[in-house]
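Student: The structure under discussion is supplied below as structure tokens; questions concerning it will follow.
The values are calculated or read from the model by the stated rules, or taken from the named source; none is laboratory data. Computed from a prediction, not measured in an experiment: that's the story for all the values here. For neighbour counting, all protein chains shown are included, and Cβ atoms are generated from backbone atoms with ideal geometry for every residue, glycine included.
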Amino acid sequence: MRTTYSPKNRKRNRTLGFLSRMRSHGGRNVLARRRLKGRKKLIVA
């Protein structure tokens, strides 16, 4: 079997980045929850 995780910064930012989170309703919910929780970083990427 091959390894399944081959990291790429562009793909990571496009799927998990701030702008992509802001685009969808669910993504906005994610940001709101992380703000409420008091996360220092809102975005993992």
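Student: I want to confirm something. Restricting to the chain and keeping residues that are among the β-branched types (V, I, T) and part of a loop (DSSP other than H, G, I, E, B), which single residue is modelled with the lowest pLDDT?
Tutor: Out of the qualifying residues, it is V44.
Student: Another one. Just wondering, is there one or more residues in segment 13-33 that are touching a Ser or Thr at 6+ places or on another chain (Cβ under 9 Å) and among the charged types (D, E, K, R)?
Tutor: Yes, because at least one residue in segment 13-33 is touching a Ser or Thr at 6+ places or on another chain (Cβ under 9 Å) and among the charged types (D, E, K, R).
Residues are listed down the side, and each one gets a yes or a no for (1) surrounded by fewer than 10 Cβ atoms within 10 Å (Cβ to Cβ); (2) free of Cβ contacts under 8 Å to residues at least 12 places away in the same chain; (3) touching a Cys at 6+ places or on another chain (Cβ under 9 Å):
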site: R2; (1), (2), (3): yes, yes, no
site: R12; (1), (2), (3): no, no, no
site: T15; (1), (2), (3): no, yes, no
site: L19; (1), (2), (3): no, yes, no
site: H25; (1), (2), (3): yes, yes, no
site: R33; (1), (2), (3): no, yes, no
site: G38; (1), (2), (3): yes, yes, no
site: K41; (1), (2), (3): yes, yes, no
site: A45; (1), (2), (3): no, no, no
